[in-house]
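Here is the structure we will look at.
Derivation of every value follows stated rules applied to the coordinates shown; laboratory data play no part. Since the structure is predicted, the reported quantities are computational estimates derived from the model, not experimental observations. Note: ideal-geometry Cβ built from the backbone for every residue, glycine included; neighbour counts use all protein chains shown.
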Amino acid sequence: AGGEVQWARALGGDGEQAGASVAVADDRSAALLGRLTAAEGVALDDERVTPIGVENVFWARLSASDGAGLGLKRFGAFDPQIVNAVASDGNEGLLVAGEFSGTLEFGGAPRTSAGGRDGYVARLDAEGRELWLQPLGGIGFQAATGVAAIAAGRLVVAGRFSGALSVGKDRLQSAGGSDVFVASFDADGTPLWSARFGDGFDQQARAVAMDERGNAIVVGDFAGTLDLGGDPLESAGDLDVFVASFDALGKHRWSKRFGDAGLQRARAVAVDGAGNVIVGGELSGAIDLGGGPRVAGDRPAVFVAKLDAKGGHLYSRVIGEQGATLGQLLVDGTGEVLVAGGFRGEASLAAGPVRSAGGDDVFVAKLDPEGGFRWSHRFGGAGADRATGVAIDRERQVFVTGAFTGTVEFGDKRLEGGEGTDVFVTKLSP
């Protein structure tokens, strides 16, 4: 037994809203950031915020014990401001990474994009107040897609860009298409180092994690050739997965490529207390992560793999062989892995094959340190439902956020949405 629903609640109204990411502060409140586009805005208990532009960001803080609202804010100006990743800063605050056009603001001094769409990284305190904000821009397109920190406060951001990218005094230039960037900052937002990787094809980092020694593990996907500082990696056809480790000074430690002629994407990465690396993503065709081919069905499947601290294979498996997408994965203090996402049709979970109720349904699964199912659950309704973020507190309680349409059921908790897409947040037992 495990993964029982403790509470579930909806945020939203008519129009389009979606929960992007959730993190748990040390006081065990849950902070949620997401997409705000509907004119009616997002409601949390007696509070409501509405967008003033094309796409804004909402921040919500909820009690971890019962989901009661503790605060709600809106960030952004007229032009799009998007959240791609959220992580705990290790000190009750949040790190936020994303992209924006025009004007960027998190409650402090507004920033202006250098041209086109720029990336950014920001640090917020427990009350959602801006501590610092760093635009990551230049001529062209830039997006920060992953962020992670260690207890000492140092953080690493990863993403993709085409054209130019300024990180402090560093000026990076893409080789053509989109390239990978990785950048490190101290706790006050001062840039420490940055690096670019790529050739004339498209390469992108999608997530980053840090181990206890301050090494950064970056995952993403690429076409063409990708030289991350070791032996150049060659794509086998469409997009392949890469996993790379860099030390605290940005020096290459190791890098790996996985994939075949089909399409493979890495979406998430986590590191356990022993330095093992857990990678998750989606595949079409087959992928051999070191333990033999793992094969998808007619539609994309989710893969999860555990590598040792040097990139050696420990286990790999597939979840949802017939049309699954990965929202997020995390590892808890015991080495168990939480995986959350969405699927349509049939998925093989802990109790065997399950079918979605209508369109896409939510899945949440816990894997033991060897990759076997500890438990798993399907949640959903007749509409389109998908998990996009997951967090774990110090007592190993699980928080999941995402989007749903119409009505969705989490155990005996039934959530009613508006006419568009709404946000859900639920708490599950360990």
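At Thr334 and Glu234, where each label point lies 7 Å from the Cα along Cα→Cβ, what is the point-to-point distance in nanometres? It is 4.5 nm. Convex hull volume per residue, computed on the Cα atoms of the chain, equals 119 Å³. At each listed q (0.11, 0.12, 0.16, 0.17 Å⁻¹), what is the log10 of I(q)/I(0) that the Debye formula gives for segment 185-318 modelled as equal alpha-carbon point scatterers? Values, matching the q order: -0.37, -0.44, -0.77, -0.86. For segment 284-430, the normalised intensity computed at q = 0.09, 0.10, 0.16, 0.17 Å⁻¹ comes to -0.27, -0.34, -0.84, -0.94 (log10 of I(q)/I(0), Debye sum over alpha carbons, equal scatterers, no solvent). Our estimate of slack between His313 and Glu416, defined as 0.36 nm per intervening residue step minus the Cα-Cα distance, is 32.7 nm. Calculated over segment 356-400, the projected area of the Cα convex hull averaged across directions stands at 3.6 nm².
Here the Karplus relation 6.51 cos²θ - 1.76 cosθ + 1.60, evaluated at θ = phi - 60°, turns the backbone of segment 422-429 into coupling constants of 10, 9, 10, 9, 9, 10, 10, 6 Hz, with x for every Gly and Pro. Of all lysines in the structure, those lying under 25 Å Cα to Cα from Lys413, and not within fewer than 8 positions of it along the same chain, are Lys366, Lys427. Scaling against 2.2 N^0.38 Å puts the C-alpha radius of gyration of segment 77-196 at 0.97. Along segment 208-223 the Karplus relation, 6.51 cos²θ - 1.76 cosθ + 1.60 evaluated at θ = phi - 60°, assigns HN-Hα couplings of 8, 9, 10, 8, 5, 8, x, 6, 9, 10, 10, 10, x, 8, 7, 10 Hz to successive residues, with x for each Gly and Pro. Just report the Cα centroid separation between segment 66-130 and segment 150-182, whole Å. If we compute the Cα centre of each part, the gap is 18 Å.
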